[in-house]
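Everything on this sheet refers to the single structure shown next.
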Amino acid sequence: MQNDKFENNLNQTAVAEGISKETLENLDLGVIETPFVNKEGAPTFRRELAEQVIQVLTTNTLENTFYVGKDELKEDTVRVLEKMKNKDPEFLAKALVFARNEGYLQKVPTMGLAVLSTSDARGGKEFFKKAFNKIIQTPDNLSEFVRVVKKENIRKGLGGVALNSVKEWLKNISGYQAVKYSATSTNNREKFTLRDILKLARPKPENKEMEERFGWIVNGWKEVGEQESPTNPQIWALEKIKRSENNEEIIDLIERAKLPWEAVIPAVKKMNPEIWESLMRQMPYMALLRNINNFSKNGLLEKDENVEYIVSKLTSQRELEKAKVLPFRLYTAWKAYQSKNKDNSVDSRIVNALETALENSFVNIPEIKGSLAIGSDVSGSMSMQVSDKGDTSCREICGVFTGALLKKSKDKTHVLPFETVVKKENFLASDSILTNTEKIARMGGGGTAVGAPIEHLLKKKIKVDNFIGITDNEDWAYGRDYFSRYSFLEAWREYKKTINPKAKAFLITLAPYRDAVAPQNEKDVHFIYGWNESVLKYISQNSEDKNSQVEKIKNIKL
């Protein structure tokens, strides 16, 4: 059967995917019965609302994607969350907490919290209050929440339960948070500073310490005494630094008050390597990761003891787990360090430490039992950026996952990168995750046939226990006169029928599109959303049992 929308998309698709129009015009969409079509006009399915909620919360972008502009994507995200806020506000609250604390994501869960605040369903406001502090963990999160409430068309301003929650949160702001986040100046009119939020919310200070802290955030201090403030020592230390030109005094104040680098750098009259070194030795993991190039520019990597410290911190399993660093952040840091130091020699010790950290970011994931096939989508649409910031593509994240899965598979594993057809490449479990990531990242272009790796297994009569597809789920490049004859669903059903009736499919969805390649009740097909290590933990657990991400979220205690 052919589809009018699909035919209208032929010319655009030919250009975007590099496929000849003649080939596309001969496309046969098969015999799938569904009322939905995907972004390419091919048949698709919709998962239940709970799964759609998980997907929009954990695929972490509200920016332009390959198929959908940011305005349409934002509207679609809000539409899904709006449906759930009244149908089951408790599930929405738990899903927000899951996305924030297990997906390590912030922006979309914060928007979801604003949606939940408008729920009129029974218990909706209470679930919002229970979820608030679990999602709003930093002043930056609070700033984003206030921005959404004030600027997005989700609720009528900052009032009611939203205002009360903001007021209570501000009363618990620490001195460390005050100096770290008040230092953030911005010319972005959309962003709300701590000063802006305090003036909007007007929380009543409950003691002298709080009164002094709020006063400093809003008005600053005109004078600073010689004696350390007993109630706000970090604010006092920062104010002393602003007025000092003595290197030893500045370093002493930084170390004694444990001041964050975000506050010190704009406060110091003139930064130098000694001050940078002092800051480096008390930076948390993510800050250290972000500042490697600054250390290089300021000469810190010329001293062996500094390099040894950075290497030790980056490769510490305890520090890695404490920081909850997404593996793709480590990949991005590894890429950035080498690209920004092309003109200078790259320190191999730092490169090796970042590679080790990436390997270690998956070390606690249980092994995946049973034989395995990994379908890694390297089609043209996988070139889109995976998040709002940075230049890491979905294809690169696909590569990171492929490398990690290969490491964690206990039995024989087949790696099958695909676009319209499976690409030939040799992947070894003995290679590093980065080596295999680079192999995937170098591939690319062409249409998407999610069924291509299943067809490969069918043709070769390869029996596997588990198939894991890493894709954006935009399945369309199959049919008559095409490399792949079948859609994923048709190929999967044939595989279950003729090769292994007990096989399970896990489809890791990296994009926020709500299209799916199988219906809700399709046996042994699991959809998993997001790209952190909890996704691989889920696969490891569910290759043996049947609990879904939905069930896991339902069991969360607020």
It is to be established whether one or more residues within region 266-282 are assigned to a loop (DSSP other than H, G, I, E, B) and closer than 21 Å to R329 by Cβ. yes
Taking D475 and the conditions (1) surrounded by 24 or more Cβ atoms within 10 Å (Cβ to Cβ); (2) modelled with pLDDT of 80 or more, which numbered condition does it fall short on, given that it satisfies the others? (2)
Tell me, yes or no, whether region 200-214 has at least one residue that is within 28 Å of the chain's Cα centre (by Cα) and either in contact (Cβ under 8 Å) with a residue 24 or more places away in the chain or under 28 Å from L259 (Cβ atoms) (or both). no
Where a residue in region 249-271 is on the phi > 0 side of the Ramachandran plot and free of Cβ contacts under 8 Å to residues at least 12 places away in the same chain and its partner, wherever it lies, is surrounded by fewer than 22 Cβ atoms within 10 Å (Cβ to Cβ) and assigned to a helix (DSSP H, G or I), with Cβ under 7 Å and at least six apart: none
State whether the residues of region 420-429 include one that is in contact with a Phe, Trp or Tyr (Cβ under 7 Å, 6 or more places away or on another chain), at pLDDT below 90 and hydrophobic (A, V, I, L, M, F, W, C). yes
Considering region 385-439, residues that are assigned to a strand (DSSP E or B) and polar (S, T, N, Q), and then whichever is farthest from K459 (Cα to Cα), we arrive at Q385
Given (1) over 18 Å from K258 (Cβ atoms); (2) among the β-branched types (V, I, T); (3) modelled with pLDDT of 95 or more, identify the lone condition not met by T193. (3)
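Let's see how each residue does on (1) in contact with a strand residue (DSSP E or B) (Cβ under 7 Å, 6 or more places away or on another chain); (2) among the aliphatic types (A, V, I, L, M); (3) farther than 25 Å from D347 by Cβ:
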| position | (1), (2), (3) |
| --- | --- |
| A263 | no, yes, yes |
| P284 | no, no, no |
| N291 | no, no, no |
| K324 | no, no, yes |
So, in region 199-245, of the ones that are in a loop (DSSP other than H, G, I, E, B), outside the structural domain of I265 (by TED's automatic domain parsing) and among the acidic types (D, E), which residue ends up farthest from V268 (Cα to Cα)? E206
For A95, which of the numbered conditions (1) among the aliphatic types (A, V, I, L, M); (2) farther than 21 Å from I508 by Cβ; (3) crowded, with 21+ Cβ neighbours inside 10 Å fails to hold? (2)
Give region 118-134 a look and list any residue that's under 14 Å from E168 (Cβ atoms) and crowded, with 23+ Cβ neighbours inside 10 Å, or say none. F128, A131, F132
Among residues of region 240-264, those that are touching a helix residue (DSSP H, G or I) at 6+ places or on another chain (Cβ under 8 Å), more than 24 Å from E319 (Cα to Cα) and of a type outside the set (G, A, S), counted: 8
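The values are calculated or read from the model by the stated rules, or taken from the named source; none is laboratory data. Just so it is clear, the model here is predicted, and its values are computed rather than measured. With ideal geometry, Cβ positions are generated from the backbone for all residues, glycine too; neighbour counts draw on all protein chains shown.
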